[in-house]
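Here the structure comes first, spelled out in structure tokens, and everything after it is commentary.
The values are calculated or read from the model by the stated rules, or taken from the named source; none is laboratory data. From a predicted model like this one, the values you see are computed outputs, not experimental measurements. When we count neighbours, we look across all protein chains shown, and the Cβ atoms used for this are built from the backbone with ideal geometry, even at glycine.
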Amino acid sequence: MFRGNDILKVYDENFNYVAKATREEVHAKGLLHQVAHVWMLQEKTDGLYILIQQRSPRRELSPGKYDLLQSTHFDPDESYEEGIVRSLDYYLGVKASTDDIVHLGSVRQRIDLDDYHDNALAQIFAITVKKAIFLMPETEEIFKVRYSDFSRFMHGKLDKIDMYSLDDILLRQSTPDEWWLRKEEFFDAVEPYADARAKKLART
């Protein structure tokens, strides 16, 4: 499950379904496929937070960088939401419902690194929670940042950002070079949604 032999759908440049291939083949040949990027927001009495995961040092792309909470591929016969629920449970121990997941848009992702090629249409999703619970025996560290700080950080208005533990302890400050800054999808899809959630939260 969720490994190199996973079978994925492959598309042509007009996004017509054309074939199936293993995940390993998809990334070796740069075949166009779909992936889900999952941003988790936490609503607290002192404001909105974004949950962040530190990528494994063994990852092909941006090893060890801070990143969005979850990225996952889809099995050929499952919906976006079903794939996200399965992936969150498998990797992070997060129990979510398909009803919790909001689709925010999509962005084309093209990355070529030596013999690894990521040619994907990334579907952007958000999940908003009151309390973040992770049952994670084999996952990387999870942190959170204030959404207001993160927005300024992404726009270049902060050169350092405070990183908090899940139980609200200030751990350290982080600089942009420690992040995979997915600016296009944040500006186009995540920020408008999070702004609306933050304004609604401030009124309650």
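Scanning segment 88-98 for any residue that is outside any loop (DSSP other than H, G, I, E, B) and either among the small types (Gly, Ala, Ser) or within 17 Å of residue 180 (Cα to Cα) (or both) turns up nothing. From the list 80, 49, the one residue that fits, being touching a strand residue (DSSP E or B) at 6+ places or on another chain (Cβ under 8 Å), buried (at least 20 other Cβ atoms within 10 Å of the Cβ) and not acidic (Asp, Glu), is 49. Of note, residue 104 does not satisfy the criterion of being among the aliphatic types (A, V, I, L, M), out of contact with any helix residue (DSSP H, G or I) (no Cβ under 6 Å at 6 or more places or on another chain), surrounded by 15 or more Cβ atoms within 10 Å (Cβ to Cβ) and assigned to a strand (DSSP E or B).
Considering segment 129-174, the residues that are at pLDDT below 95 and small (Gly, Ala, Ser) include one that is surrounded by the fewest Cβ atoms within 10 Å (Cβ to Cβ), namely 165. Of the residues examined, residue 30 is one that is on the phi > 0 side of the Ramachandran plot and touching a His at 6+ places or on another chain (Cβ under 8 Å).
It is to be established whether one or more residues within segment 57-76 are within 22 Å of residue 103 (Cβ to Cβ), without any contact (Cβ under 8 Å) to a residue 12 or more places away in the chain, of a type outside the set (Val, Ile, Thr) and part of a strand (DSSP E or B). Checking segment 57-76: not a single residue is within 22 Å of residue 103 (Cβ to Cβ), without any contact (Cβ under 8 Å) to a residue 12 or more places away in the chain, of a type outside the set (Val, Ile, Thr) and part of a strand (DSSP E or B). Look at (1) in contact with a His (Cβ under 8 Å, 6 or more places away or on another chain); (2) among the basic types (Lys, Arg); (3) closer than 27 Å to residue 194 by Cα and you find that residue 9 fails only one, number (3).
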